[in-house]
Ligand SMILES: Cc1cc2nc3c(=O)[nH]c(=O)nc-3n(C[C@H](O)[C@H](O)[C@H](O)COP(=O)(O)O)c2cc1C
């Protein structure tokens, strides 16, 4: 579906037990999960978080990948990605389909590159972060760099996140119950339990 972010497949309607956990605010909330992923780990985390938001009662969850033209595959791509992240460069990204100000929360996901956010996510935050009413951040990583990345994303978006989640790549790949699935669920619940944000400031 061009021109629109993908809606998360909702599956069967909420069960009675699940509905008991859903607040009226969560059910009327609109959330966008937007992410960049080079090799699929952050994509998997984004899809799991989108499902967790839905299970927390959000019926309107959209998901959009940040498209970034340019070769970042293989060893040469890895080296380029590391250099661009270290130098905090901007990059070209595809036009964003979602209308950010129309979402109550925008959840931004990044792989960690050179102890900071991936270059396409840096550019997304620079160009669009201030359009979001409220933000939450998540990352996937080998071992560290989440704090620096989240700090930079906060500055670029011009607002503090309502929640953050740092995940290890191996826990995501293994579907680790305690270190990935349960934490994604808690992250979704925290995002919906925060107070509504103000509309973005006019430029
Ligand atoms: C250029 C580059 C630099 C990286 N730097 C770090 C780092 O500083 N710290 C870390 O824990 N992982 C680092 N990683 C590992 C990635 O964060 C990790 O593999 C991530 O889960 C990949 O997500 P993706 O599959 O969505 O692209 C780096 C990966 C790349 C490609």
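The values are calculated or read from the model by the stated rules, or taken from the named source; none is laboratory data. Since we're looking at a predicted model, the values are computed, not measured. All Cβ positions, even for glycine, are placed from backbone atoms using ideal geometry, and neighbour counts span all protein chains on display.
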(request) Give just the number: which of (1) over 20 Å from residue 87 (Cβ atoms); (2) surrounded by fewer than 18 Cβ atoms within 10 Å (Cβ to Cβ); (3) in contact with a strand residue (DSSP E or B) (Cβ under 9 Å, 6 or more places away or on another chain); (4) in contact (Cβ under 8 Å) with a residue 12 or more places away in the chain does residue 167 not satisfy? (result) (2)
(request) Quickly run through region 184-203 and pick out the residues that are in contact with a helix residue (DSSP H, G or I) (Cβ under 8 Å, 6 or more places away or on another chain), surrounded by 15 or more Cβ atoms within 10 Å (Cβ to Cβ) and modelled with pLDDT under 95. (result) 192, 200
(message) Looking only at residues that are at positive phi and not in a helix (DSSP H, G or I) in region 69-94, which one is farthest from the chain's Cα centre (by Cα)?
(response) 70
(request) May I ask you to say which residue of 143, 148 is part of a helix (DSSP H, G or I) and either over 27 Å from residue 58 (Cα atoms) or in contact with a helix residue (DSSP H, G or I) (Cβ under 6 Å, 6 or more places away or on another chain) (or both)? (result) 148
(request) Pick out the one residue from 109, 148 that is surrounded by fewer than 20 Cβ atoms within 10 Å (Cβ to Cβ) and modelled with pLDDT of 95 or more. (result) 148
(message) The conditions are (1) free of Cβ contacts under 8 Å to residues at least 60 places away in the same chain; (2) within 30 Å of residue 185 (Cβ to Cβ), and residue 83 fails exactly one of them. Which is it?
(response) (2)
(message) Can you pull out every residue in region 25-43 that is at pLDDT 95 or above, more than 7 Å from the ligand (Cβ to nearest atom) and more than 12 Å from the chain's Cα centre (by Cα)?
(response) 30
(request) Please name all residue pairs, on different chains or six or more residues apart, with Cβ atoms under 6 Å, provided the first residue is in region 104-126 and is part of a loop (DSSP other than H, G, I, E, B) and the second residue is more than 14 Å from the ligand (Cβ to nearest atom). (result) 104/29; 104/30
(request) Could you tell me which of the residues 46, 132, 118, 50 is within 14 Å of the chain's Cα centre (by Cα), at pLDDT 95 or above and away from the ligand (no atom under 16 Å from the Cβ)? (result) 132
(message) Checking residue 181 against (1) in a helix (DSSP H, G or I); (2) buried (at least 17 other Cβ atoms within 10 Å of the Cβ); (3) touching a residue at least 40 places away in the same chain (Cβ under 8 Å): exactly one of these is not met. Which one?
(response) (2)
